[in-house]
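This report refers to the structure that appears directly beneath it.
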Amino acid sequence: HPAFLGYVGEKPGSMVYATGDLGLIDGQGFLHITGRKKNVLITAFGRNVSPEWPESELLAQPEIAQCLVVGDGASYLAALLVPTGEQVSDVMLQKAVDQANAGLPAYARIHQWARVRPFTVLEGLLTGTGRPKREMIVHFYHTLIHTLFKARLST
């Protein structure tokens, strides 16, 4: 299916435009963008997970201001969580993660997480429009991310 009908003044075409977005068309014919192809995490079990999916569930929780889901090549997913304020305790964050996980299948649930300080443009972790720079955040928190996966193996 073409991405759109075309440009004004040009002949109609049937080109599909490679945007890098992943999506699905529902039963009513509406397109839903589910993530970015370059962000897909492939778990150790071969499941493809768009991190935007569990991230949207996490961000729907009032205790979570920002987050980033990681787990490419791992047997489970983990998350870096920025709480909405210092008054949000780790117990409250865990309850928020549990609530988010309730809306996800087992392979897309968060099994480990860490509280981190806010992602900022100044540190190079957000774009000018406020979107997370995944590669930069993963690089910035590389050691912490490693411990999230190592911790699960030792328990």
### Query
Of Phe45, Phe149, which residue is touching a residue at least 60 places away in the same chain (Cβ under 8 Å), exposed (fewer than 15 other Cβ atoms within 10 Å of the Cβ) and not charged (D, E, K, R)?
Phe45
### Query
Counting only residues that are charged (D, E, K, R) and loosely packed, with under 13 Cβ neighbours inside 10 Å, how many does segment 132-146 have?
1
### Message
Suppose we filter Leu68, Leu93 for residues that are part of a helix (DSSP H, G or I) and hydrophobic (A, V, I, L, M, F, W, C); which single one remains?
### Response
Leu93
#### Entry: Matching residues, segment 57-78, being out of contact with any Ser or Thr (no Cβ under 6 Å at 6 or more places or on another chain) and closer than 17 Å to Leu126 by Cα
Leu59, Ile64, Gln66, Cys67, Leu68, Val69, Val70
### Pairs where the first residue, in segment 82-100, is surrounded by fewer than 16 Cβ atoms within 10 Å (Cβ to Cβ) and of a type in the set (D, E, K, R) and the second is assigned to a strand (DSSP E or B) and at pLDDT 95 or above, C-beta under 8 Å, 6+ apart
Asp90/Arg115
### Task
Looking for whichever is in a strand (DSSP E or B), among the aliphatic types (A, V, I, L, M) and touching a strand residue (DSSP E or B) at 6+ places or on another chain (Cβ under 8 Å) here; the options are Leu58, Leu80, Leu144. Which one fits?
Leu80
### Query
Would a scan of segment 90-102 turn up a residue that is among the hydrophobic types (A, V, I, L, M, F, W, C), more than 15 Å from Gln66 (Cα to Cα) and within 17 Å of the chain's Cα centre (by Cα)?
yes
### Positions within segment 39-57 being within 19 Å of Asn101 (Cβ to Cβ) and β-branched (Val, Ile, Thr), in sequence order
Thr43, Val49
### Task
Tally the residues that are crowded, with 17+ Cβ neighbours inside 10 Å, of a type outside the set (Gly, Ala, Ser) and either over 18 Å from Leu59 (Cβ atoms) or in contact (Cβ under 8 Å) with a residue 24 or more places away in the chain (or both), restricting the search to segment 105-131.
7
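The values are calculated or read from the model by the stated rules, or taken from the named source; none is laboratory data. Just so it is clear, the model here is predicted, and its values are computed rather than measured. Cβ atoms come from the backbone with ideal geometry, glycine included; neighbour counts cover every protein chain shown.
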